[in-house]
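Below is one structure, written out as structure tokens; the observations come after it.
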Protein chains: 4
Amino acid sequence: MKKGRVEAFSDGVIAIIITIMVLEMKVPPGDNLYALLPMVPVFLSYILSFIYLGIYWNNHHHLFQAVEQVEGLVLWANLHLLFWLSLIPFVTAWMGENHFSLWPVAVYGVVLLMAGFAYFLLTRALLRNHGKDSSLVVAIGNDRKGKISLAIYVLAISLCFINQWLAFGLYIITAVIWVVPDRRIENTLNR
Amino acid sequence: MKKGRVEAFSDGVIAIIITIMVLEMKVPPGDNLYALLPMVPVFLSYILSFIYLGIYWNNHHHLFQAVEQVEGLVLWANLHLLFWLSLIPFVTAWMGENHFSLWPVAVYGVVLLMAGFAYFLLTRALLRNHGKDSSLVVAIGNDRKGKISLAIYVLAISLCFINQWLAFGLYIITAVIWVVPDRRIENTLNR
Amino acid sequence: MKKGRVEAFSDGVIAIIITIMVLEMKVPPGDNLYALLPMVPVFLSYILSFIYLGIYWNNHHHLFQAVEQVEGLVLWANLHLLFWLSLIPFVTAWMGENHFSLWPVAVYGVVLLMAGFAYFLLTRALLRNHGKDSSLVVAIGNDRKGKISLAIYVLAISLCFINQWLAFGLYIITAVIWVVPDRRIENTLNR
Amino acid sequence: MKKGRVEAFSDGVIAIIITIMVLEMKVPPGDNLYALLPMVPVFLSYILSFIYLGIYWNNHHHLFQAVEQVEGLVLWANLHLLFWLSLIPFVTAWMGENHFSLWPVAVYGVVLLMAGFAYFLLTRALLRNHGKDSSLVVAIGNDRKGKISLAIYVLAISLCFINQWLAFGLYIITAVIWVVPDRRIENTLNR
């Protein structure tokens, strides 16, 4: 089975998710800069989610470059990842509209955690039908960055109950870590 | 006529349908977990529809792998399928917001039935311009799973008028049957 | 310049237009069949527009199969067509919510007329950089069906001011004429 | 790394942005032409933004035709461009609903300026991994048109505080300049 249509479908879904978030930014009543003021938290949470979805698209792109073939389980592991990503516009709007209050920040972290876990499952599903010497196996390696991210999300969700800004800071740090593209896979492919 | 653009267009439409459903999940007023409570049925019906649309995308993907060429009738049979799938976000929201009450659950079943029937018509339209020895003919076979599903949907819609949860249970069972990818086609292709 | 990305972009825009129309169908308050009753005109106008967009996608698909290359003017002629198609969800909702009253039906016809005219301009732009013996020239021929449609739209818009159902009937008749795929191009390609 | 998926993803995002703008045009109450009257400014600002997004898609299309390969930085420079483009539906609706009053027109200009700057950064990122003799380098040249546009946007934003219609006029002039396709790249490719 070829990977082309899986890539196209994932691109489509991620493109739509990243774009419809802007539909949650309702046009404010009033025509001056003060009217935009209450939108600042909504806008900040939009930027954070845009970056996270950009990270997922980039990593998905890098990952599938090393993929040789896909089978049924991979299709479902991929849909499972897209499911959690599809919830990001909802939690983004909830977090922004409530000015980063406790529960929305925690639930946002849970969605990030589940998406991270779904991405991990996708790599496992892909490894099942790639040989031990395939460039995919070498490229994914021990996936340290992925595992550390999951640990940070769990820590962040816990820290919410002390102060949700600690969690928010950790979400930003994790994003920064990932914006650097996944050199592991690129390096292996270029070798 | 080549099949590439039919696949791309179908991927696009299904990707949009699966994603805009999340727009029906309005951000709740309130910033705690209780605020999310009334969203539980909406969320459950979102999950069910996400899985059904995933099934259709997977089966469509498998089906078109065995397709060699498409003609005018196939384009319309495909658009007819996409029409019924496009109604899923509407019936999903109606069912979720009304907490799975009688009529929304029945109408949801009618849309599933019509989509299933449209998929059946699509396979017939495809068979018209594929030879008797084509891998498509062998792959579709007698399409037992498809026909059983249609029978289950009819049964489920009838059972609604006794208790709509029986119907809802049958929708879940049918989804589970289909999540297993369509081995018939894959097996034939791999032979 | 290759035509692949123009096809992909057009597929994307038409896929989105055809799907977001369903977002205009607001979930009705109430959970029985009577609650769906006021939606019947909205639903009917959705079906008509779905068919028209399907026709445009099919014809676009057929047309570009015979295209060999595109240049700057074609890109803008194509965007111009997509602009008028993008207004269809708006006029569809306006027409449906006002139960096919005079002005919405007339404005719907104006959008159909402009889209038809934009399609005509697109074929002219394409012919500019295809030789007189190209399969595109032979395939488009004298474009009788396209010209007749434009005339019908003008007639329908005028008839609105006698009775808008005459116009609505003409829209249906034109759709039926076009659902038959554009054999001219197919025949030429298969020769 | 191949450029195909970057093109497909960008096409998807721009296709969605250009289309969801129409969702901001709420169906007016009332079924006659007077009901459409208050929509005229919304419609005008929709046309302007549709043309700007068309320009970006066209230029992106032309630019990537000369691209040979993409690397991590290009992916992020491209996402950065898509981010600013994604804000266009929001500022379009704000500008249209407030009938082109001072601040919305100025903020619209800021988004155009940032998108123009992001496009400039994208060309720089692409040049980093293309040789001095590549067709891309020759094609982009000194990018006079791009730099002039940025200067016009700055001028327009300043002129807003005298009269916002001066700014609006400049946005239209810049659009007209760009609707002429980027002959620099095309000429180089055809040499």
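Values quoted throughout were computed directly from the atomic coordinates according to the rules given, and no laboratory measurement underlies them. Since the model is a prediction, treat every value here as computed from it, not as a measurement. Note: ideal-geometry Cβ built from the backbone for every residue, glycine included; neighbour counts use all protein chains shown.
Worth pointing out:
- Across chain A, C-alpha contacts under 8 Å between residues 6 or more apart give a mean separation that, scaled by the residue count, equals a relative contact order of 26 percent.
- Distance between the 7 Å Cα→Cβ label points at C:Ser134 and C:Val179: 3.3 nm.
- Within straight-line cross-link reach of D:Lys147, aspartates and glutamates at Cα separation under 20 Å, skipping those fewer than 8 residues along the same chain: D:Asp182, D:Glu186
- Inter-copy label distances at A:Asn129, shortest first and taken from points set 7 Å along Cα to Cβ: 2.9, 2.9, 4.1 nm.
- Residue-averaged [θ]222 nm for chain D, counting only DSSP H segments that reach four residues, each worth -39500 (n - 2.57): -24500 deg cm²/dmol
- Global geometry of the protein assembly as shown, whether rounded, prolate or oblate, following the gyration tensor of its Cα atoms and the 1.5 cut on a/c: rounded
- Exposure proxy ranking, count of Cβ atoms within 10 Å, fewest first, for B:His61, A:His80: A:His80, B:His61
- Region A:117-166 versus region B:45-122: alpha-carbon centroid distance in Å: 33 Å
- Cβ-vector label at 7 Å, B:Val40, separations to other copies in nm: 3.8, 3.8, 5.4
- Using the Cβ-Cβ distance between C:Leu121 and A:Leu155 with R0 set to 51 Å, the FRET efficiency from 1/(1 + (r/R0)^6) comes to roughly 0.30.
- Between helix A:4-20 and chain A: long-axis angle, C-alpha atoms, 0 to 90°, nearest 10: 10 degrees
- Cross-link partners of D:Lys26 among lysines (Cα-Cα below 28 Å; sequence separation of 8 or more within a chain): A:Lys26, B:Lys26, C:Lys26
- Cα-Cα over 20 Å, subset of B:Lys2/D:Lys3; B:Lys3/C:Lys132; A:Lys2/B:Lys3: B:Lys2/D:Lys3; B:Lys3/C:Lys132
- Label-point distances for A:Val110 to the equivalent site in the other copies, using a point 7 angstrom along Cα→C-beta, read 3.6, 3.6, 5.0 nm when ranked shortest first.
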